[in-house]
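Visitor: Below is a structure I'd like to ask you about.
The values are calculated or read from the model by the stated rules, or taken from the named source; none is laboratory data. All of these numbers come straight from a predicted model, not from anything done at the bench. As a convention, Cβ positions derive from the backbone with ideal geometry for all residues, glycine included, and neighbour counts pool all protein chains shown. The area values use the complete protein model at the heavy-atom level, side chains included, leaving out ligands, DNA and RNA. Shrake-Rupley method; radii C 1.70, N 1.55, O 1.52, S 1.80 Å.
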Amino acid sequence: MQKALHIRTTVLPGGKIEIVDDELPVGQTVDVVVRHSSSPVSRSIMEILNSGPERRLFRTADEVKAYLEDEKSSWDG
């Protein structure tokens with residue numbers, strides 16, 4: 001069974017971090033994941049869409065609705 005250890009620490013000079021825990025197995029390989037607390041944890045869907053390099057076709061829900069209405073009317077004619 002995998003165990004997880006959560007430690008909050010401060011980055012030391014030179015970009016170093018130190019992890020000390022008596023339960024860490026000496027000589028065993030462990031995986032370490034570092035997440036910056038200043039990085040956004042959650043973003044809105046609009047932030048995600050606007051951050052991409054590609055250009056979106058529609059900017060608002062009204063533009064989508066108008067496009068779909070135009071497409072639907074073209075099917076009837």
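Visitor: What angle, in degrees between 0 and 90 and rounded to the nearest 10, separates the Cα long axis of helix 61-76 from the longest principal axis of the Cα atoms of the chain?
Guide: 40
Visitor: When Lys and Arg each count +1 and Asp and Glu each count -1, what net charge do the other residues less than 10 Å away from LEU5, Cβ to Cβ, add up to?
Guide: Value of the local net charge: -1.
Visitor: Given the options PRO13, MET46, LEU68, identify the residue whose Cα lies farthest towards the positive end of the charge dipole of the chain (+1 on Cβ of Lys, Arg; -1 on Cβ of Asp, Glu).
Guide: Farthest towards the positive pole: PRO13.
Visitor: Using helices alone, I'd like the mean residue ellipticity at 222 nm for the chain: each DSSP H run of four-plus residues gives -39500 (n - 2.57), total over residue count, nearest 500.
Guide: Here the helix-only value at 222 nm equals -9000 deg cm²/dmol.
Visitor: If I model a spin label as a point 7 Å beyond the Cα along the Cα-Cβ vector, how far apart are those points for VAL20 and VAL34 in nm?
Guide: Once both label points are built, they end up 1.9 nm from each other.
Visitor: Run the quick spin-label model on LEU12 and LYS65: label points 7 Å from Cα toward the beta carbon, then report their separation in nm to one decimal.
Guide: Label at LEU12, label at LYS65, 5.9 nm between them.
Visitor: Give me the lysines in straight-line cross-link reach of LYS3: C-alpha distance below 24 Å, same-chain residues under 8 apart excluded.
Guide: Candidates past the 8-residue exclusion: LYS16.
Visitor: Please work out the average accessible area per residue across the chain, using the 1.4 Å probe convention, and give it in Å².
Guide: On a per-residue basis, the chain sits at 104 Å².
Visitor: If you place +1 on the Cβ of every Lys and Arg and -1 on the Cβ of every Asp and Glu, how big does the dipole about the Cα centre of the chain come out, in debye to the nearest 20?
Guide: 260
Visitor: Which whole-number percent of Cα pairs in the chain have a distance greater than 14 Å?
Guide: The share of Cα pairs beyond 14 Å in the chain comes to 78 percent.
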